[in-house]
Amino acid sequence: MSFTITQAHVSHLDGLVPLFDAYRVFYGQPSEPGRCRSFLAERLANRESVVYLAADGETHEPLGFVQLYPLFSSVSVQRLWIVNDLFVQPGARKRGVAAGLLERCRNLARETGAKGLQLETATDNHAAQRLYEQTGFTRIDAAFYFLKT
């Protein structure tokens, strides 16, 4: 499967909102597309997060997204990025989309001189845990991973 990864802006909300809403539903939240749109629009407009959107290389159909938030380490006096949200449509899974999004995150960390990436997942999300370890993250405890750039 060929896909492209683009940094999302407010103009990408129509493709991003259904993915973000599905992500939230996956984690037991009610479907709220309007709230999702407002939340994402505010994050993007205020540059409070970085969102990458994966789309099918031919049809341009949105396949998945990742949202990162900046953190800072006082001890190392460096930026960190938290990979807060990662979601790929069920029909596009196991095709390298999530790994591609994570690689784009790693590149962002390098581009911004960050100490690394940090993420957390549910202890029973074994598929995500395998993906994170396969893409270079180190398990700190049962649900916390860190990837140094």
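Details
- By the equivalent-ellipsoid construction on the alpha carbon gyration tensor, the range 3-148 comes out with semi-axes of 23, 18, 15 Å, ordered largest to smallest.
- Computed on the range 3-148, with alpha-carbon pairs under 8 angstrom and 6+ residues apart, the relative contact order is 19 percent.
- The label point for Gln134 and the one for Thr4, both projected 7 Å from the Cα toward the Cβ, are 2.6 nm apart.
- Counted by neighbouring Cβ atoms within 10 Å, the residues Ser11, Ser49, Ser74 run from fewest to most as Ser74, Ser11, Ser49.
- Most positive-pole-ward Cα, Phe65, Phe20, Ala41, against dipole of the range 1-87 from beta carbon charges: Ala41
- Here the spin labels are modelled as points 7 Å beyond Cα on the Cα-Cβ line, and at Thr123 and Ala41 they lie 4.0 nm apart.
- Inter-probe distance in nm under a simple model that places probes 7 Å from Cα toward Cβ, at Glu61 and Arg93: 1.7 nm
Laboratory data are not the source of any read-out in this text; all were calculated from the coordinates shown. Because the structure is predicted, anything quoted here is derived from the model rather than measured. Neighbour counts run over all protein chains shown; Cβ positions are idealised from the backbone, glycine included.
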